[in-house]
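Just so it is clear, none of the values below were taken in a lab; they were calculated from the coordinates. This one's a predicted model, so the numbers in the text were calculated from it and none came from an experiment. Every residue, glycine as well, gets a Cβ built from its backbone with ideal geometry; the counts of neighbours run over all protein chains shown.
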Amino acid sequence: MSDVNRGAHSARKQAIRRKAQRRHSHFYDSRAHWSFSRNASAEPLSWSRERWILAGTAFLLVILSALVIPAWAGAMKKETVATALPRVPTDVAPSSTQLANVPLAVVPLAVPRLDPASVKPLAPVETWQTVQVQPGQTLADIFIAQGLSMTDLQHVIDAAGGTKVFHQIKPGQEFQFLVGADHVLQGVRFDPDEASVATLRFADGKPQLTTQKRDVQRREHVAHGLIDSSLFGAASKAGMSNAMVLKLAEVFKFDIDFVQDLRVGDNFTVVYDDMYSDGAFMREGDIVAAEFINQGKRYTAYRYKNSDGKVGYFSEEGRPLQGSFLRIPVDFTRISSQFSAGRMHPILGKMRAHKGVDYAAPSGTPIHAAGDGVVKFRGWMNGYGNFVVIQHNASISTAYGHMSRFANLRVGQRVSQGSTIGYVGMTGLATGPHLHYEFRVNNAQRDPQTVTLPKPEPLPAGQLAKFKKEVVGPQLARLNQVDGSTTKLARNDTAKNHGG
C-alpha cells in the first residue's frame, strides 16, 4: 500500500472516532467522576441510579448462591448412591415401574428370627417345703402335717428302696416336700447319707429317684484354753461348743474326774473338726488329738483306727484310753444290795452269800457289756432269770441277771464294750427291777466295786510304729504350735475333702 493510501485510511478512522465521541458525549460526561486514580477528588458518594443497580445485582447473586449450592450438594449425594445401584441394561428402556423396583443399597440389621416351635416355655417355679424332725415326732406325723396320707408314705418308702432314712428318723433331720394342688404329692427330698441328696419325684404316677453328690468337707480347728473357773468357761473362750467339751471329757473320762479333779491353772489344747456340706455347717465332728494338763500331770489322746477297723483313742505310748472294763454296766438309781459273803435272802428268807452287786433301775433300762468279749451263755438260769455270761479273756468273765429281755445277740457272738446286751427286769428270784452283776476271775466271783481291773493291752509293735509315725508325729507338732501360757484361741481352719 502507498503512503497516500495509508494517510487517507488513517484520516477516515479519526473522523469516525470523533463522530462517535460526539454521539456519546453525554454518557462520558455523566461518568466523569468514576476514577480509580489516587489523585481523584474525594467527594462523598451519593446513591444514584447506577449504584442501586449494582447493589441489587450483588444481592441477587447472594440469594442465588444460597439456593443453588445446597441443591448442588444434594445432587452430588444422589449421584454417589446411584453408583451403588445395579446398572439397568442399555437395551431396555427403563419404565417407571422398573425404576421403582430397583432396590436401594441399604443393609438391614441382622436380627435373628426365632422359630416359635423351638422356644421352650419357662419352667414353673417349684416351692419345696422344708420340714425338720422334732423330738418325739414320727414319719407319719410329718406326712399328716403336710396334708398327705399313709398311702403317700408307703409309696415313698417303697420307691426309696432299701434306704434306712425313713426307718430311723432322728430329731433335727430334714425332709423337703413338693405338694401340688389338692395335696397331691409330687416329690420328696432327703439325705441318704452325709455326702449326697436324693430327689424322689412322682411323674404320672411313676416314681423317679435321682441322687446328687454333695461337697462334704471336714474343717479342722486348734483351740487352747486355761481353766480359771470351769472347763465349759475356758472352752467357750477358746471357741469350742458345749458339745465338743463333752466329747473332750468323754475322751479323758478314764484318766480324769472332771467333777473333782479339775484345778485353776489346768489347761488343754485340742485339735477337733466340724463337718460342712456345700459350705454350710452340718454337724460337730470329732476330737482328733488332745493334750490335758491336770494338776501338773500331762495326758494325751489321739484318734486312731486300728487294724480291725475299730476307731478309738490312744495315748502317745499307744495305750487305749478306755478302761478294759466298765465298773458299772448300767445307769442305775441306787445299789440295792452289796457284794457279801452272807446276807438274808429277801425271798428265800435265809442267810446266803451274795456274789455280785445289785443295781436298782427302772424296767427296760439298757444293760451294757462291761468289756469286749464273746457271749458264752444266753438263756434262763434258775434264780437269775434271763441270764447272760460274757467271756472276755482266758481268766475273766462277767455275768448279768434278772433281765426283762435280751438284746439281739446269740451265743458265740462277739460284743464290744458298751454295746447293749439286754434290759433291766425282775425275772427269776427278784422283788423289784434291778441288774445283778458279777465279775468273775477264773470262775470265782469278785466284788465288782473293789476288784483291780486289768489295764487294756497297748497296740502291737507293728501298729504302734505306724500309729506314732502317721498320727502322733503330725498331730503333736500341731499341739506344740500353741503357746501353753496363753488363753487365746489359736485357730487354724483347713478344709479337706471328705471323699464326696
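Between GLU317 and VAL259, the contour length at 0.36 nm per residue exceeds the alpha carbon distance by 18.2 nm. Multiplying the residue separation of ILE144 and GLN168 by 0.36 nm and subtracting their alpha-carbon distance yields 6.8 nm.
For the pairs LYS170/LYS466; LYS310/LYS376; LYS247/LYS455; LYS164/LYS466; LYS213/LYS247; LYS376/LYS455, flag any whose C-alpha to C-alpha distance is greater than 32 Å. Where the Cα-Cα span goes over 32 Å, the pairs concerned are LYS170/LYS466; LYS164/LYS466. The separation of the range 379-420 from the range 183-236, counted between C-alpha centres, amounts to 37 Å.
Under 5 Å between amide hydrogens, built in the peptide plane, is the criterion, and for MET282 it picks out MET275, TYR276, SER277 among residues at least 5 positions away or on other chains. Label sites at GLN129 and ASP158, each approximated as a point 7 angstrom past Cα along Cα to Cβ, lie 2.3 nm apart. Taking θ as phi - 60° and the Karplus parameters 6.51, -1.76 and 1.60, the scalar couplings of the range 206-212 work out to 9, x, 10, 10, 10, 10, 10 Hz in sequence order, x denoting glycine and proline.
In loop segments of the range 162-241 as defined by DSSP, the GluC sites (Glu not before Pro) with at most 15 further C-beta atoms inside 10 Å of their C-beta are GLU194.
Full extension of the chain between ARG410 and ILE53 yields a length gain of 114.6 nm, computed as 0.36 nm times the residue separation minus the alpha carbon distance.
For every other residue with a beta carbon closer than 13 angstrom to the beta carbon of TYR299, add +1 if it is Lys or Arg and -1 if Asp or Glu, then tell me the sum. Taking every Cβ under 13 Å from that of TYR299, the sum is -3.
Once the Cβ-Cβ distance of GLN445 and ASP228 is raised to the sixth power relative to R0 = 51 Å, the FRET efficiency obtained is 0.60. Among the trypsin sites (Lys or Arg not before Pro) within the range 242-283, those in coil by DSSP and having at most 10 neighbouring Cβ atoms inside 10 Å are ARG263. Here the range 129-213 is treated with +1 on each Lys and Arg Cβ and -1 on each Asp and Glu Cβ, and its dipole about the Cα centre works out to around 140 debye. One compactness figure for the range 334-446 is 1.01, namely its Cα radius of gyration divided by 2.2 N^0.38 Å. Anisotropy class assigned to the range 129-213 is oblate, per the alpha carbon gyration tensor with a/c at or over the 1.5 cut-off and a/b no larger than b/c.
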